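What follows is a set of notes on a single structure, which appears directly below.
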Amino acid sequence: MAVRIQTKDFDAGAEMAALRLNNPKIGAVASFIGVCRDANDGTAVTKMTLEHYPGMTERALEKIVVEAKARWDLMEVLVVHRVGELKPGDQIVLVVVTGAHRGEAFAACEFIMDYLKTRAPFWKKEETPQGARWVEARGSDDEAAERWNSPKADVA
Amino acid sequence: MKIKVLYLASLREQLGKSGEDLETSPATSTVAGLRALLMARGGAWQAALAQGRALRVAVNQEMAQPTTAVKPGDEIAFFPPVTGG
């Protein structure tokens, strides 16, 4: 299953090339990269530590990929999420979705990120000039995930 | 019955431990029962696990509800709402 959790960085170009290698039926590659910012909620962030729940996190991501494949006609899906210490500018997460056409690939990529943000057990702790703090979950992320449950959401 | 309990992320820091093996009575046969048992320790436990606190629970690495059963050998994890991505 194309889900990986790792401390080391990833090369999105190499990952995308590998994903569509020897598959000339792929006509669309949609991707998302999440990046560590240097500020959050108006406070400077100098460093962040990402924690996960080994075992459950992989299973949760695999379930999200299975759900995406059930909703859209996709070919390959890859999710890479980093854990450990990250600095502003560092890549955090990569989602790549391939399919025959862009509509389904775009939709599935966004769906996977929305579900990852609300269902995959990862937690961020930020270092700020005022000290360390755990990032609070956002209601807007719940709303983003929730909209995929409306009847219209499946139309790619 | 013997169960394994895990505390993750901010909850681990509030409680000062990452997990423990517990020997519990049949009264703690649900997630809600286990939460009540842990809250009864008072202090940081009562504060961190209080009703109304945003808290998620997984049983055997699947998201659980207060009514979810807890059986011998289960792994129950308490953690805050997730913030990955």
I'd like to verify a number: residues in segment A:93-118 that are closer than 18 Å to A:Arg138 by Cβ and either among the hydroxyl-bearing types (Ser, Thr, Tyr) or facing chain B (nearest Cβ under 7 Å) (or both), how many? 6
Please name all residue pairs, on different chains or six or more residues apart, with Cβ atoms under 9 Å, provided the first residue is in segment B:65-79 and is touching a residue at least 40 places away in the same chain (Cβ under 8 Å) and the second residue is crowded, with 18+ Cβ neighbours inside 10 Å and aromatic (Phe, Trp, Tyr). B:Ala77/A:Tyr53; B:Ala77/B:Tyr7; B:Phe78/B:Tyr7; B:Phe79/A:Tyr53; B:Phe79/A:Trp123; B:Phe79/B:Tyr7
Would you be able to say whether some residue in segment A:1-13 is more than 14 Å from chain B (Cβ to nearest Cβ) and modelled with pLDDT under 95? yes
Please work out if B:Ala77 is at pLDDT 95 or above and either in a strand (DSSP E or B) or not charged (D, E, K, R) (or both). yes
Cβ-Cβ below 8 Å, separation at least six or inter-chain, first residue in segment A:101-112 and in contact (Cβ under 8 Å) with a residue 12 or more places away in the chain, second part of a helix (DSSP H, G or I) and among the aromatic types (Phe, Trp, Tyr): which pairs? A:Phe111/A:Trp148
Every residue in segment B:13-56 that is in a loop (DSSP other than H, G, I, E, B), among the small types (Gly, Ala, Ser) and under 18 Å from B:Phe79 (Cβ atoms), please. B:Gly16, B:Ser18, B:Ala50, B:Gly52, B:Ala54
For A:Gly84, work out the one condition from (1) in contact with a Cys (Cβ under 6 Å, 6 or more places away or on another chain); (2) on the phi > 0 side of the Ramachandran plot; (3) of a type outside the set (Lys, Arg) it doesn't fulfil. (1)
Filtering segment B:67-85 down to residues that are of a type in the set (A, V, I, L, M, F, W, C) and more than 14 Å from chain A (Cβ to nearest Cβ) yields B:Ala69, B:Val70
Tally of residues being out of contact with any Leu (no Cβ under 6 Å at 6 or more places or on another chain), in contact (Cβ under 8 Å) with a residue 60 or more places away in the chain and more than 9 Å from chain B (Cβ to nearest Cβ) across segment A:43-58: 6
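For residues that are more than 14 Å from chain A (Cβ to nearest Cβ) and surrounded by 15 or more Cβ atoms within 10 Å (Cβ to Cβ), tally how many sit in segment B:34-66.
We begin by selecting, within segment B:34-66, every residue more than 14 Å from chain A (Cβ to nearest Cβ); these are B:34-47, B:49-52, B:65-66.
Filter once more, so that each one left must be surrounded by 15 or more Cβ atoms within 10 Å (Cβ to Cβ): B:34-39, B:45, B:49.
The qualifying residues number 8.
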Go through segment A:91-111 and give me each residue that's aliphatic (A, V, I, L, M) and surrounded by fewer than 17 Cβ atoms within 10 Å (Cβ to Cβ). A:Ala100
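When you look at A:Gly42, is it over 30 Å from B:Asn60 (Cβ atoms), modelled with pLDDT under 95 and not polar (S, T, N, Q), yes or no?
On the way: over 30 Å from B:Asn60 (Cβ atoms): yes; modelled with pLDDT under 95: yes; not polar (S, T, N, Q): yes.
The answer is yes for A:Gly42.
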Any residue at all in segment B:13-33 that is within 22 Å of A:Glu58 (Cβ to Cβ) and either within 12 Å of chain A (Cβ to nearest Cβ) or under 12 Å from the mean Cα position of the chain (by Cα) (or both)? yes
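The values are calculated or read from the model by the stated rules, or taken from the named source; none is laboratory data. In this text the structure is predicted, and so the values were computed from the model without any measurement. Note that we place each Cβ from the backbone using ideal geometry, even for glycine, and neighbour counts take in every protein chain shown.
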